[in-house]
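**Student:** Encoded as structure tokens, here's the structure I'll be asking about.
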Amino acid sequence: MTSAPPPPPAVPIPFSRIKIRTAALVFCGDEVALIRRDRPGSTHYSPPGGNVEDGEDLTCALRRELAEELALDIDRAEGGDLLWVVDQRVSRPGPTPPPRKLHLIHRLHITPAVRATLAVEERDEQPDGSHEIGVIEWIDYRKVAGLPVFPPIGAALAALPGPRAATADAALEAVTDDNYTWV
């Protein structure tokens with residue numbers, strides 16, 4: 001009796017895995033903290049945050065990421081409400097198929113005294129062990145619409161009537177290959 005040949009290896013399917021990224025718009029008055037990353041041929045900004053680890057509580061992940069990137073203890077901030085959710089399905093270069101990523105964008109408010117204690121740069125470890133340096137910039141939230149912010153929340157952020165304004169819908173437009181090109 002002959003056995004059947006083994007099945008062919010599974011072909012990785014783009015967006016078949018889901019990752020969650022938690023981040024925060026940290027306001028000090030009308031200014032919001034964004035991390036600027038300068039790369040060859042491009043510059044982009046992002047709210048401080050990062051990927052949620054497997055099995056990690058979402059609040060714990062946000063606390064960890066803000067401590068790592070801003071040296072912010074969220075107990076020294078007020079707020080923490082979920083402001084927006086962005087669904088990302090964008091192709092990108094790399095050896096593995098791109099995941100679908102849900103960006104959970106929270107909102108926090110700090111005092112000038114707390115701001116004075118925060119980091120001014122962020123060191124993002126790369127797969128090869130090197131570090132990419134991000135500069136933490138405080139920008140008037142009304143002026144971010146024209147900046148290359150990812151996820152692309154700049155227009156929605158600049159349109160807020162105020163840093164504490166309520167939003168009608170937490171779901172922002174999905175980011176797909178139709179409306180975004182990976183940089």
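The values are calculated or read from the model by the stated rules, or taken from the named source; none is laboratory data. Since this is a predicted model, take the numbers as computed values, not measurements. Positions of Cβ are backbone-derived with ideal geometry, glycine not excepted, and every protein chain shown enters the neighbour counts. The area values use the complete protein model at the heavy-atom level, side chains included, leaving out ligands, DNA and RNA. Shrake-Rupley method; radii C 1.70, N 1.55, O 1.52, S 1.80 Å.
**Student:** For ARG142, ARG100, ARG107, what's the largest-to-smallest order of accessible area, 1.4 Å probe?
**Tutor:** ARG142, ARG100, ARG107
**Student:** Also: Taking amide H positions as placed 1.01 Å from N in the peptide plane, with prolines and chain starts having none, which residues 5 or more places from LEU147, or on another chain, fall under 5 Å of its amide H?
**Tutor:** Excluding prolines and chain starts, which carry no amide H, there are no hits.
**Student:** Quick one: Cα centre-to-centre distance for segment 27-67 and segment 72-145, in angstrom?
**Tutor:** Here the two parts' Cα centres lie 1 Å apart.
**Student:** May I ask you to derive the FRET efficiency for THR167 and ALA67 from their Cβ-Cβ distance with R0 = 22 Å, giving the value to the nearest 0.05? Let's see the in-between values first.
**Tutor:** On the way: r = 26 Å, r/R0 = 1.19.
E(calc), rounded to 0.05, equals 0.25.
**Student:** Still on this structure, I have one more. Any idea how far apart ASP30 and VAL120 come out in nm if each label point goes 7 Å out from Cα toward Cβ?
**Tutor:** 2.4
**Student:** Relative contact order of the chain, please, whole-number percent, based on alpha carbon pairs below 8 angstrom and at least 6 residues apart. All intermediate terms of the calculation are to be shown ahead of the outcome.
**Tutor:** On the way: 349 pairs, mean separation 51.8, N = 183.
Rounded, it is 28 percent for the chain.
**Student:** Restricting the count to DSSP beta bridges whose residues both fall in the chain, what percent are antiparallel, rounded to a multiple of 5? List each step's numbers first, then the result.
**Tutor:** On the way: 30 of 44 bridges.
Roughly 70 percent of the beta bridges in the chain run antiparallel, per DSSP.
**Student:** On to the next question. Amide H of LEU25: which non-local residues (sequence gap of 5 or more, or other chain) have their own amide H closer than 5 Å, using H built in the peptide plane?
**Tutor:** Sorted by chain and number, the residues that satisfy this are HIS106, ARG107, LEU108.
**Student:** Quick one: accessible surface of TRP182, probe radius 1.4 Å, all protein chains present, in square angstrom to the nearest 10.
**Tutor:** Around 100 Å² of this residue is reachable by solvent.
**Student:** Related question: Run the helix sum for the chain: -39,500 (n - 2.57) per DSSP H stretch of 4+ residues, divided by residue count, reported at 222 nm to the nearest 500 deg cm²/dmol. Write out the running numbers ahead of the final one.
**Tutor:** Numbers: 3 runs with 22 residues, N = 183.
Mean residue ellipticity at 222 nm (helix-derived): -3000 deg cm²/dmol.
**Student:** Test of understanding: what is the full-extension gain from ALA174 to THR111, defined as 0.36 nm times their sequence separation minus their Cα-Cα distance?
**Tutor:** Computed gain between ALA174 and THR111 is 19.4 nm.
**Student:** Say R0 is 41 Å: what FRET efficiency, to the nearest 0.05, do THR96 and THR59 get from their beta-carbon distance? Show your work: numbers first, answer last.
**Tutor:** Numbers: r = 28 Å, r/R0 = 0.69.
Plugging the Cβ-Cβ distance into 1/(1 + (r/R0)^6) gives 0.90.
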